[in-house]
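These notes are about the structure you will find just below.
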Amino acid sequence: MPNFRLLEYVGKEAFVSLLLPPNVGKRGATVTFKRNRKIPCKVCCCQKRGVETFSYEKNSKAASSNVMKSFFLNVKERYVNVYSQIFPYVANFRSEIFFLSITTVISLASLLRLVSSLGSFSSMIGKGFHSELLVFSARILFFILLRCFALFVQDAIIARVITEFQVSLRKDLFSRLLHRDSAFYYETNCGSLLYSCTSAVEKVSKLLYSLLHSFIPSFLQFSGVFVYMLFMSPPLTFSLIATMPLMLAIYNLLERVLLHSTKRLQETAGTLSSLLSDTFRNIRLIQSYGAQKYMLEYKLKNILTQFKAQSYRFEYSKAAVVPVITIFYAISVLVLLLMSAYLVGRGSLSSTTLLTFVSSIAFLIEPLQVIASNAVELRNGEIAWELVREYLQAKPRVEDAGTEEPQNVKGHVEFRDVCFSYSVEKSISNETDYLLSHIQFYVPAGTSVAIIGHSGSGKTTLLELLSRFYDPLSGSILIDGIDCRNMKLASLRKLIGFVPQEAPLISGTILENIALGEFHIDMNRVYYAAKVANALEFISELEGGFSYDVGEGGCRLSGGQKQRISIARAIYTDPRILVFDEATSSLDAESEAAIQSALQVVARNRTVFIVAHRLSTIQAVDLIVVLERGRIVEFGTPSELLKKNGRYVEMLRTQFSEASVF
Ligand SMILES: Nc1ncnc2c1ncn2[C@@H]1O[C@H](COP(=O)(O)OP(=O)(O)OP(=O)(O)O)[C@@H](O)[C@H]1O
């Protein structure tokens, strides 16, 4: 039962990406297809990596009634889903395609000329060696050389087109992925992403290669030779292709098996990439818990068992393709021989025409065999394209549709009745399903605010909404009175210096990490930021100082050092709003105190949000927000909350008594 990928919902109808045969059984819900074709069918939804898939039950009796119709529908479906979308990339190489067409025509024309020359050769047999034979041989040699030259130029052009195509597809894909929202990265398997950017792109390139190098020329060759043969003897030509509908039907069946196993194989390859990247990233954890055997004999073994089963299925059906074509070829030749014996006996076919016709069969069958042996490459590429297209075309949850680029921002921040849930469903009926519920508070510019609350109460999520890593389901967040959604995403993010909990670093130097994304680095600002973040001392002790290579993910630095680089990075951008999410949790008490006092200087005239578990670190803030299960239970200045003697005081007491135990 094939699956169909959901494109979008409109009202109660779902738009899916594939066309179906029109004879699908009526079982309830309606699926509306692209081009507004409505097909009632049984629909079952299942959530899988954030993408919903539909399965349908069709009326198999009606569907199998017309194999040729199903074959051509399959071709149309493939054209709509794959080729019409790849062609815009190829359209960039107009001049190359033009020369490619010319060379293809030359190579085909020389081939047809060779085929037709074989007829004249039969008339020279038995006349001995004479000048006509010499001219004939020279002509044959000329057409062979011409065809070889055309094929060489063809290959050179194709190689150029494929390389350029691969480069532009990789660039496009990487650029789209760089702009995808956080939700996408949480929901998508990292291995599948790596697979799409590497192997899947290669498979799509191979598809294009097969198409330009083998498929199209073979199809043209087949058509040209076929027309020529039809012109020579229509009865013989029809007897030759009499078995073709049956051959197409069997071929279509084999293709479906190939399609299914190719899909499963590519999914397994994604899971394998994911396991490998996860293993290598956490190798120390695995080694320290002695989990190598478990990884090898359980995790990897499961994937490899699946891989083996799918591989066998794939290879067996692949191996069957060429023999099927060959069997039909043999049957066709047999039918042809019978027909030619009949026609020659009746005197309606000359032996010269018969010889030319029989010699031409090889040129008709050869492209069919090439098409068949390339079918696997095409199928692989089509499936890979579906994966790549998903990442190229999917709509981001956070859209960069705002146009405002506010200047001279002061930093007033207002949360106005904000509700949020990580679930994509917009219509949450039960209030308790919200992760953040009716969050409302106002922070004047230049004020520091502490967000406190138990683990999991939604503090980080609240700050991520401010930077628009996600959008609220309802309500809005305003900076200087402007809704963040109306600002250009890049302008908004420039206003905010975000220091996340886990202090992420990219592979490269310390300098690159502090001045992340800058082409022209201001060294004075780098020194200032490193000094304020209390990082200058340890950086100067490292080999190469600011040029020290931090390793993948900053693995060559300690947790505290990474956190200081992360703080320096936020200070370097000189933002109006600073957000520290447990930014000093990995530091020792002395370093934390040093950074706290330096930050008080940096925080002057900026709006600062601080998430901290250790309440001792937020003594100097102007405002405190106390969150509990996604709701604000207290909001005010520290002295107001102390007077209130509520949750804040309770938390202070708990921490104080915990500290005094030690
Ligand atoms: N990407 C995500 N998808 C789904 N749920 C998430 C995601 N990120 C966080 N959550 C859930 O949202 C809730 C709030 O998480 P959040 O990180 O905002 O809490 P927090 O108050 O910052 O916790 P902590 O103090 O432990 O850092 C948690 O229950 C968490 O499991």
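Computed quantities for the displayed model
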| item | result |
| --- | --- |
| Filtered residues of region 90-119 (kept if out of contact with any Lys or Arg (no Cβ under 9 Å at 6 or more places or on another chain), hydroxyl-bearing (Ser, Thr, Tyr) and at pLDDT below 80) | Ser116 |
| Region 284-296 residues that are surrounded by 12 or more Cβ atoms within 10 Å (Cβ to Cβ), paired with ones that are β-branched (Val, Ile, Thr) (beta carbon under 9 Å, 6 or more apart) | Ile286/Thr279; Gln292/Ile286; Tyr294/Ile286; Met295/Thr279; Met295/Ile286 |
| Hey, Ile383 part of a helix (DSSP H, G or I), out of contact with any helix residue (DSSP H, G or I) (no Cβ under 7 Å at 6 or more places or on another chain) and at pLDDT 80 or above or not | no |
| Cβ-Cβ under 8 Å pairs, at least 6 apart or on other chains, region 451-476 side closer than 27 Å to Glu650 by Cβ, far side acidic (Asp, Glu) and near the ligand (Cβ under 8 Å from one of its atoms) | Lys459/Asp581; Thr460/Asp581; Leu463/Asp581 |
| Restricting region 576-592 to residues that are surrounded by fewer than 20 Cβ atoms within 10 Å (Cβ to Cβ) and assigned to a loop (DSSP other than H, G, I, E, B), the residue that is modelled with the highest pLDDT | Asp588 |
| Any hit, region 388-396, residues being within 30 Å of Leu173 (Cβ to Cβ) and either at pLDDT 90 or above or within 16 Å of the ligand (Cβ to nearest atom) (or both) | yes |
| Within region 472-487, considering residues that are crowded, with 19+ Cβ neighbours inside 10 Å and of a type outside the set (A, V, I, L, M), the one nearest to the ligand (Cβ to nearest atom) | Pro472 |
| Filter pass, Leu212 being modelled with pLDDT of 85 or more, touching a helix residue (DSSP H, G or I) at 6+ places or on another chain (Cβ under 7 Å) and over 30 Å from Lys395 (Cα atoms) | yes |
| Elements of type helices (runs of 4 or more DSSP H) in region 149-218, at least 1 residues being over 25 Å from Ser273 (Cα atoms) and either within 22 Å of the chain's Cα centre (by Cα) or away from the ligand (no atom under 16 Å from the Cβ) (or both) | 201-210 |
| Matching residues in region 406-420 - criterion: being away from the ligand (no atom under 16 Å from the Cβ) and either modelled with pLDDT under 90 or not acidic (Asp, Glu) (or both) | Pro406, Gln407, Asn408, Val409, Lys410, Gly411, His412, Val413, Arg416 |
| Matching residues, region 440-469, being surrounded by fewer than 19 Cβ atoms within 10 Å (Cβ to Cβ), within 14 Å of the ligand (Cβ to nearest atom) and not in a helix (DSSP H, G or I) | His454, Ser455, Gly456 |
| Region 223-242, residues that are among the polar types (S, T, N, Q) and under 43 Å from the mean Cα position of the chain (by Cα) | Ser223 |
| Residue match in region 172-187 (condition: closer than 16 Å to Tyr83 by Cα and either without any contact (Cβ under 8 Å) to a residue 24 or more places away in the chain or buried (at least 16 other Cβ atoms within 10 Å of the Cβ) (or both)) | no |
| Failed item in (1) touching a Ser or Thr at 6+ places or on another chain (Cβ under 6 Å); (2) over 30 Å from Phe222 (Cα atoms); (3) surrounded by fewer than 18 Cβ atoms within 10 Å (Cβ to Cβ), with Leu355 passing the rest | (2) |
| Region 269-313, residues that are among the basic types (Lys, Arg) and more than 15 Å from Leu193 (Cβ to Cβ) | Arg284, Lys293, Lys299, Lys301, Lys308, Arg313 |
| Residue that is surrounded by the most Cβ atoms within 10 Å (Cβ to Cβ) [pool: residues in region 609-662 that are polar (S, T, N, Q) and at pLDDT below 85] | Thr617 |
| Number of the condition not met by Glu255 [criteria: (1) crowded, with 17+ Cβ neighbours inside 10 Å; (2) without any contact (Cβ under 8 Å) to a residue 60 or more places away in the chain; (3) under 20 Å from Ile325 (Cβ atoms)] | (2) |
| Unique match (being more than 14 Å from the ligand (Cβ to nearest atom) and either within 26 Å of the chain's Cα centre (by Cα) or in a strand (DSSP E or B) (or both)) among Ser507, Ser491, Ser423 | Ser507 |
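Each row is one residue, and each column tells you yes or no for (1) more than 24 Å from Glu382 (Cβ to Cβ); (2) not hydrophobic (A, V, I, L, M, F, W, C).
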residue	(1), (2)
Phe174	no, no
His179	yes, yes
Gly191	no, yes
Glu202	no, yes
Tyr209	no, yes
Leu220	no, no
Met232	yes, no
Ser239	yes, yes
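The values are calculated or read from the model by the stated rules, or taken from the named source; none is laboratory data. Quick caveat: nothing in here was measured; it's all calculated off a predicted structure. Counting neighbours? That spans all protein chains shown, and the Cβs are built from the backbone with ideal geometry, glycine included.
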